[in-house]
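Beneath this line is the structure, given in C-alpha cells, with notes to follow.
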Amino acid sequence: MTANNIHSAAFTGHRKERILQNSEPCLLGQIQLAIIEQVEQLYKQGCRTFYCGMAEGFDMLAASAVVACKWQFQDIRLVAVVPFRNQSARYEPLDKMHYQVLLHEADEVIMLSEYYYRGCFHRRNDYLVEQADVMIAYWDNIFKGGTFYTIKKAQQAEKTIINLYK
C-alpha cells in the first residue's frame with residue numbers, strides 16, 4: 001500500500017489485564033505515547049479517520065491518543081465502533097467515565113447492536129478490518145483472543161498491520 005492510499009486506520013489490542021500481566025502500570029503511558037507517534041505518522045501519510053472498538057485497555061488508550069492528536073490536526077476523525085449499547089457496563093468506574101468522555105469526543109459513534117449477543121465482538125472486529133487501510137495493534141503474538149482473531153482477519157484481507165507490542 002502506498003502512502004497516498006492510506007485514508008483510514010483501526011485499532012486492535014488487548015484489555016488492560018493482559019497488557020499489564022508481568023508489567024508495570026507505567027507501560028500504559030508508554031503504549032499511549034507510541035500510539036500518538038503512530039497516529040502522527042499515519043496522518044502525515046494521508047490518514048484522517050481512525051476507527052476504535054472502544055474496549056477497555058488498548059482501544060481506550062488509542063481513542064484517547066486520537067483525541068489528543070486533534071489539538072494538532074483539526075481534521076482528524078475518531079469513529080467509535082460500539083458492539084452493543086451497554087458495552088461499558090462491566091468496566092471499572094473510572095474506565096466507565098473515561099469511556100463516556102471518549103464517546104462524547106468521538107466524531108461519530110456507530111452502534112452495531114442495541115443488545116449483547118454471542119459473536120457481537122467478532123462482528124465489531126470484522127467491521128474494523130473492513131473499514132481500515134491499516135491496523136494499529138498491540139498484540140503479544142499469542143494465538144488466542146479477540147486481538148488474534150482481528151489480526152488474522154486483517155492478514156487474510158491483506159491489510160497493513162503495525163504491531164506496537166515490544
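Only the coordinates and a few stated rules stand behind these numbers; no lab work does. Values in this document were obtained by computation on a predicted structure and should not be read as measured data. As a convention, Cβ positions derive from the backbone with ideal geometry for all residues, glycine included, and neighbour counts pool all protein chains shown.
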Antiparallel as a % of all DSSP beta bridges within region 10-166, to the nearest 5? 0 percent
Over the chain, the sum of -39500 (n - 2.57) across DSSP H runs of at least four, divided by residue number and rounded to 500 deg cm²/dmol, gives at 222 nm -13500 deg cm²/dmol
Rank by packing, highest mean first: peptides 48-54, 102-108, with packing defined as the count of other Cβ atoms within 10 Å averaged across residues. 48-54, 102-108
If you place +1 on the Cβ of every Lys and Arg and -1 on the Cβ of every Asp and Glu, how big does the dipole about the Cα centre of the chain come out, in debye to the nearest 20? 400 debye
If the elastic network links every pair of Cα atoms under 10 Å, which of 56, 37, 17 fluctuates the most in the Gaussian network model of the chain? 17
Which whole-Hz ³J(HN,Hα) couplings does region 22-27 yield from phi under the Karplus relation 6.51 cos²θ - 1.76 cosθ + 1.60, θ = phi - 60°, glycine and proline marked x? 6, 9, 8, x, 5, 4
How far is it, in nm, from the label point at residue 20 to the one at residue 77 when both lie 7 Å from their Cα along the line to the Cβ? 3.4 nm
Would you work out which of 76, 42, 58 lies farthest towards the positive end of the dipole of the chain? Charges go on Cβ: Lys and Arg +1, Asp and Glu -1. 58
Projected convex hull area of the chain, Cα atoms, direction-averaged, in nm², equals 9.2 nm²
Lysine pairs within the chain, Cα separation less than 14 Å, 8 or more sequence positions apart or different chains: 4
Using only the Cα atoms of region 1-75, build the gyration tensor, take square roots of its eigenvalues as a ≥ b ≥ c, and label the shape rounded, prolate or oblate: rounded if a/c is under 1.5, else prolate if a/b is larger than b/c, else oblate. prolate
Can you classify region 94-133 as rounded, prolate or oblate using the Cα gyration tensor, where a ≥ b ≥ c are the square roots of its eigenvalues, rounded means a/c under 1.5, and otherwise it's prolate if a/b beats b/c and oblate if not? oblate
